[in-house]
Every structure is written in C-alpha cells, then in structure tokens.
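Engineer: I am attaching a structure below and will ask some questions about it afterwards.
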Amino acid sequence: MSNFNEIVANVPQSVQLALAGVGALYLGSHVFAYLRFVLNVFVLSGTNLRKYGKKGTWAVVTGASDGLGKEYATQLAAKGFNLVLVSRTQSKLEAIAKELESKHSGLQTKILAMDFSADRDEDYEALKQLIDGLDVGILINNVGQSHSIPVPFLLTEKKEMQDIVTINCLGTLKVTQAVAPGMQSRKKGLILTMGSFGGWAPIPYLATYSGSKAFLQHWSSALAAELKPSNIDVQLCLSHLVTTAMSKIRRPNLIVPSPRPFVKAALGKIGRGGWQFMPDTYTPWWSHAVMGWAVETFLGVGNRLLRSYNVSTHIDIRNRALRKAAREAKKQ
C-alpha cells in the first residue's frame with residue numbers, strides 16, 4: 001500500500017487532476033444515463049396523441065383482427081380516432097368494426113380484408129383508394145408472423161420462410177408507402193411499427209423471424225431520419241413476449257403482459273426511448289425495458305453469452321413442442 005501511495009505522490013498534480021476529471025466524467029455519464037432511463041420508463045409520459053390530429057382524425061391499423069392489433073384499434077377508438085382496419089378475415093373485421101361503433105358514438109370505421117402473404121398489388125391499391133381523402137394521422141404497422149415453433153433455419157419450410165419475410169417486411173413497407181405520402185403532405189403523423197426483442201438481439205431457431213424484425217429495426221430508424229423534416233414521428237416499438245396467439249402464452253405475469261396494458265403503455269410512452277442504443281426506438285413495458293437496459297448496459301445485444309442462452313432456450317421450447325405434437329398424434 002505504501003508503494004502505491006508513493007507512486008501516486010510522484011504523479012504530477014496536473015495529471016492527477018486530469019485523471020480525476022476523466023473519472024468524474026465517466027461516473028457522471030453513467031449516473032445521467034441511469035437517471036434518463038428511470039425517468040423515461042417510470043416517470044415521464046410520451047408524446048400526446050393529439051399532436052397527430054384532433055378527434056375524428058383517422059388511424060390505420062394492420063393485423064387488426066386479433067391480439068395487439070385489435071387492442072390498438074380499441075384504445076385508439078376510445079381516444080377519438082376513426083379507424084381503417086386491415087387484416088385477413090372479413091368476418092372478424094366486420095365484427096370488430098360493429099363492436100367499436102356501438103361503444104363509441106360517432107366513430108367511423110372502414111375495413112379492408114387482405115392476405116398480406118399473397119403480396120397482391122391490387123390489395124395495396126385498394127388501401128390507397130380506401131384512405132384517399134382521409135386525414136390519416138396514425139399508422140400502426142402491427143401485422144406480422146413468426147414460426148409455428150422454433151426451428152433450425154435449414155429445416156424451415158419454404159412457405160413459412162416466404163410468408164414471414166413477405167408479411168413482416170414487404171407488407172410493412174408497402175402499407176407505409178401507401179399511407180405516408182398523405183402524412184407528408186399534411187406535415188404531421190405517427191408511423192408506429194411493432195418491433196421485437198427477436199430483431200433487437202439474434203434469436204437462433206427463429207432465424208428468419210429474427211432477421212425480418214432486425215430489418216424493420218434498421219428500416220424504421222432510417223425512415224425516421226427521412227421523415228423528421230416533414231414533422232412525422234417514426235417509432236419502432238420493442239416488445240418481449242405478450243400474451244397473444246403468436247407467443248402462445250395465455251397467462252400474463254410481470255414479464256409477459258396481456259395486450260391491454262401493453263398497448264396502453266405503447267401509446268403512452270411514444271418517444272421515450274432516448275436511453276436505447278438505436279434511435280427512434282422505445283420499449284414501453286417496464287419489465288421489458290429493464291431487461292433491455294440491463295443487456296445494453298452490461299452485455300450488449302450481440303453478446304455470445306446472450307446468444308447461447310437463446311440457443312438453449314429455444315431448443316428446449318422446440319423439444320417440448322415436438323413432444324406435445326407427438327402425444328396429440330397418438331390420441332388420434
């Protein structure tokens with residue numbers, strides 16, 4: 001210890017002060033980053049939706065017939081937005097539109113049944129015609145598909161692989177190209193795209209889905225910079241698991257919320273992702289945000305330990321799913 005003190009004593013005072021300043025800056029930056037995280041996740045509210053239009057402004061929601069899409073439509077209707085509902089099944093869309101119109105006096109809805117996996121130009125043209133002349137202030141890019149169960153990439157069925165890329169990537173891009181020009185001409189709007197922890201960090205055994213969501217992450221961040229001069233907010237909303245048909249989880253818990261509280265947080269925390277590595281990205285559900293912050297702060301999303309954990313987790317999920325399928329096959 002005495003040797004250490006002697007070494008320190010021999011260091012010029014100017015150098016000691018410089019090192020102390022560097023240490024203070026390093027510590028201060030981490031304290032500031034932590035406070036920014038806490039304020040954004042637990043204290044501050046996001047952008048008021050009225051920024052994107054007064055009551056009666058229209059919102060377009062894709063994948064609107066179930067899960068998160070249906071919940072986005074429900075909560076936006078409660079906030080006074082008229083709705084353009086886009087999904088695959090006509091009967092479900094009609095039922096949701098009727099239900100919401102009965103609950104909210106004066107609510108207007110329009111529906112468009114389209115199969116995003118078909119990638120038909122006439123469907124996107126029909127969407128353009130449907131919204132022609134409407135004051136669309138919000139676009140929720142929610143439509144998406146994952147794998148039926150975790151699967152090695154080399155064993156992924158061609159149709160499943162094609163559908164995931166077509167729906168998640170092309171569907172989102174083409175809907176945005178149909179809707180965003182009107183926002184740009186009106187100089188206001190929100191484009192909110194559902195991202196995933198599967199695109200934030202590599203997920204082996206969900207490789208195609210993970211890659212499609214990573215694509216949306218970079219596309220959304222790039223688009224945000226392009227449309228910012230037009231006063232259009234582009235946000236990627238990151239989530240871990242939610243109790244939806246895609247996740248196949250039925251019971252909510254602290255880490256896995258149900259659609260209603262998740263969407264409430266998603267609409268209430270827009271723009272509150274300044275602590276995250278990628279710009280114009282936010283994680284609205286608090287436990288997901290804590291996980292994201294811990295990984296970004298202490299590991300990094302590309303960390304091999306995290307990837308190894310995802311490998312073992314999804315191999316286990318796959319094996320359990322295969323055993324369940326085998327048991328059900330024996331019963332038939």
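Bear in mind these aren't lab numbers, they're just calculated from the coordinates by the rules spelled out. In this text, all values refer to a predicted model and were calculated from it rather than measured experimentally. All Cβ positions, even for glycine, are placed from backbone atoms using ideal geometry, and neighbour counts span all protein chains on display.
Engineer: Taking amide H positions as placed in the peptide plane 1.01 Å from N, state which residues far from Gly189 in sequence (5 or more) or on other chains have amide H under 5 Å from it.
Structural biologist: The list, which skips near neighbours in sequence, is Asp233.
Engineer: What is the distance, in nm, between label points placed 7 Å from the Cα along the Cα-to-Cβ direction at Glu160 and at Ala18?
Structural biologist: Rounded to a tenth, the inter-label distance reads 5.9 nm.
Engineer: What percentages, rounded to whole numbers, describe P(r) for region 50-323 computed over all alpha carbon pairs with 10 Å bin width beginning at zero?
Structural biologist: The percentages, shortest bin first, are 7, 29, 38, 20, 6, 0.
Engineer: Using the Cα gyration tensor of region 150-202, with a ≥ b ≥ c the square roots of its eigenvalues, what is the shape: rounded (a/c below 1.5), prolate (a/b larger than b/c) or oblate (neither)?
Structural biologist: oblate
Engineer: Give the aspartates and glutamates reachable from Lys79 as a straight Cα distance under 17 Å; neighbours fewer than 8 places away on the same chain don't count.
Structural biologist: Excluding near neighbours in sequence, the set is Glu71, Glu99, Glu101, Asp135.
Engineer: Further, regarding this structure: Label-point separation (nm) for Lys54 and Lys79, each offset 7 Å from Cα along Cα-to-Cβ?
Structural biologist: About 1.8 nm separates the two model spin labels.
Engineer: Grab region 220-332 and count how many Lys pairs have their alpha-carbon atoms under 26 Å apart, sequence gap of 8 or more, or different chains.
Structural biologist: Qualifying lysine pairs in region 220-332: 7.
Engineer: Can you tell me which of 282-295, 308-321, 114-127 comes out highest on packing, and rank the rest after it, using the mean Cβ neighbours within 10 Å?
Structural biologist: So the peptides 282-295, 308-321, 114-127, ranked by packing, come out 282-295, 114-127, 308-321.
Engineer: Leu306 to Glu122: FRET efficiency via 1/(1 + (r/R0)^6), r the Cβ-Cβ distance, R0 56 Å, to the nearest 0.05?
Structural biologist: Computed FRET efficiency for Leu306 and Glu122 comes out at 0.85.
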